[in-house]
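The structure appears right after this line, and notes come after that.
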Amino acid sequence: MAVLLACCAGARAEVRDAAGLVHVTTGGPTDSVTVGQRFPVTYTLSAPDSLMLVAPAEIDAGRCRVVSIAWRESPRQGEVERIADVVMVPVALDSVAVPPVPFDFVAPNGDTLRAWSDGFDVPIRRIALASQDVRPLKSQWEVPPDYVKWALIALAGLALVAAIVWWIRRRRRRVIAAAPEVRLPPDSIALAELEKIAGMGLIERGELKEYYTLVADVVRRYLGARFDVETLDRTTHELLAELARRRISVDGLGALLEEADLVKFAKFHPDLARAESAIERARRIVVGSMWTTTWRSTTTTTASPIRCS
C-alpha cells in the first residue's frame, strides 16, 4: 500500500531526511557472544500516524546473519510506535560492527522520508583452547622402522598398566567420584581446532599437505558428529554421495574436500590466498551447517534470511 502511494505521487515524490519527524532507537546485545550464538536486536521507530512505514525486506547486518525479523506496533495519540524484533548470528571470529539501517516512510504527499538507526558493535567471545574437549592436533603417523622396539615398548606399557591396576585393587583405596566432564558441542570443538590450525604457521613453512589434511579432518569429524554419519573412512565422493542420499546439503563442502585431495594426492600447490582461505571456508561450513536440518522449522520471519559475505 505504501509503495502504491509513493508511485501515485509521480514526479513530485522525493527522498528526504526524516529527522525531527521519526525517532529511531536501537537495542543491541548487552554482553559478548560466541560464534554461532543467536542474539536479539530491536529497532524502535516512533513516527506520526500520517506516515506509512515501508518495512524493509532485508537488513544489512554486516558480518552477521539475520535469522528472523518480526514487526509489532503500538498506536498512541497522534503517532505509532513500530518495533522490529530481529535475531542475528555472528559468523566472524573477531568483533563485528552492524551498520546503521535505513527505514523509509511515505508521507501523504507521496514524498519518501528516510530515518537511520544507530550502528553498534558485537563483541565476540572466543572459545578457550585449553578445554579438554579440544582434540590435540597430531602430525601424520609414519610406520616405525623397528617393529621389535615398538613391540617391547607396547608390552612394557601393558605391564605398567597391569601393575597399577593390581596395586589399586590391593590397597582398596576409595575412588572419589570425579566432577562430570564438561562436554562442548561439536561445532565449538571444530571452530576451536580450526583456530589452532590457523596459528600453527604451516602455510608459512610450505607444509600445505599437512595443513589441508588437518583442515579436512576437522570438517569430517564435525560432520560425522553433527549428522551421525561415518566420514573418516569414506572417500570424498563416497561422503558426498551419502550426504546427498540423506538429503543433507552443505555449501562449499565438496569444493574444499576435493581441493584437499588434490594437495594430498596430486601434489597440487594452490596460491597463498587460496590456501589461507581454506580455514575461513571450513569455518563457514561448520557455522552454516549448525542449523541445516532445522532452518525451515525454527525461522519465523517476514523476510528472507540474509547470508553475510
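Listing for the model above:
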{"quantity": "Whole-Hz couplings from phi, Karplus 6.51/-1.76/1.60, listed for the range 76-87; x for Gly and Pro", "calculated": "10, 5, x, 8, 10, 9, 10, 10, 9, 8, 10, 10"}
{"quantity": "Net charge contributed by nearby residues that have their C-beta within less than 12 Å of Ser32 (K/R +1, D/E -1)", "calculated": "-1"}
{"quantity": "Prolate/oblate/rounded call for the range 216-257, Cα gyration tensor, a/c under 1.5 rounded", "calculated": "rounded"}
{"quantity": "Global form of the range 17-91, assessed from the alpha-carbon gyration tensor, a/c cut-off 1.5", "calculated": "prolate"}
{"quantity": "Mean Cβ neighbour count within 10 Å, used as a protection proxy, ranking 111-120, 225-234 highest first", "calculated": "111-120, 225-234"}
{"quantity": "Sorted peptide list for 238-244, 204-210, criterion being average Cβ within 10 angstrom, highest first", "calculated": "238-244, 204-210"}
{"quantity": "Alpha-carbon centroid distance for the pair the range 34-53 / the range 254-277, whole angstrom", "calculated": "43 Å"}
{"quantity": "Contour excess over end-to-end distance, with Cα ends at Tyr147 and Gln77 and 0.36 nm allotted per residue", "calculated": "16.4 nm"}
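Values in this text are rule-based calculations from the coordinates and carry no lab data. On a predicted model such as this, the values are computed, not experimentally measured, just so you know. Virtual Cβ from ideal backbone geometry, glycine too; neighbours counted across all protein chains shown.
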